[in-house]
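What follows is one structure encoded as structure tokens, with my remarks underneath.
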Amino acid sequence: MTYNDSNFLIETIVPEGEVIISRTDLKGVITYANETFADISGYSVDELIGKSHNILRHPDMPRAAFEHMWQTLKSGKMWQGYVKNMRKDGGYYWVFAEVSGVYKDDELVEYKSMRTPVPKETVTKMQRKYDEMKLKNKDMIRVVKYIPFEEYVELQ
């Protein structure tokens, strides 16, 4: 996976006091998205509805984090964690996510997620942790490198 989009290093900060809210069906397909979700992700609400929530999955996120989330949810518990999401324009944003099941007559019918801003020092800590997890699991690794202009031209 190669990112030629010049926005991939651009972070969007979730404003303090804002809450990103969404609901998904049991397979993770978005059934509801608030305007804050749309604004921060760069998608319109209409573009989000009906799409798998993983359209936001940033390649820096270890697979193990989402495996843990699904295991937790399937056991009937709420999952909490830090998530780096990818915006429509290729940029990114960090959130603290709380995901839980929604039950009707004791039957799981959907999932709801509330996401809030993350302090900068936590972002730095979590990025390091996720980089270490990806290295340990021999997963795809992020590399940013300066190269001579001539090499850059050859890549185009």
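What are the pairs, 6+ residues apart or on separate chains, where a residue within the stretch 122-141 that is without any contact (Cβ under 8 Å) to a residue 12 or more places away in the chain has its Cβ under 7 Å from a residue that is part of a helix (DSSP H, G or I)? Final answer for the pair search is 141/134; 141/135.
Taken over the stretch 99-156, residues that are within 18 Å of residue 20 (Cβ to Cβ) and surrounded by 15 or more Cβ atoms within 10 Å (Cβ to Cβ) amount to 12. Of all the residues in the stretch 62-91, those that are assigned to a strand (DSSP E or B), of a type in the set (S, T, N, Q) and either over 14 Å from the mean Cα position of the chain (by Cα) or closer than 19 Å to residue 140 by Cβ (or both) number 1.
For the stretch 112-156, filtering for residues that are closer than 14 Å to residue 96 by Cα and of a type in the set (Val, Ile, Thr) leaves 5. Residues in the stretch 92-128 that are of a type in the set (Lys, Arg), within 18 Å of residue 57 (Cα to Cα) and in a strand (DSSP E or B): 112, 115.
When the stretch 66-91 is filtered for residues that are among the acidic types (Asp, Glu) and over 17 Å from residue 37 (Cβ atoms), only 67 remains.
Just so you know, all these numbers are worked out from the coordinates, no wet-lab data involved. In this text the structure is predicted, and so the values were computed from the model without any measurement. In this analysis, Cβ positions are derived from the backbone assuming ideal geometry, glycine residues included, and neighbour counts consider all displayed protein chains.
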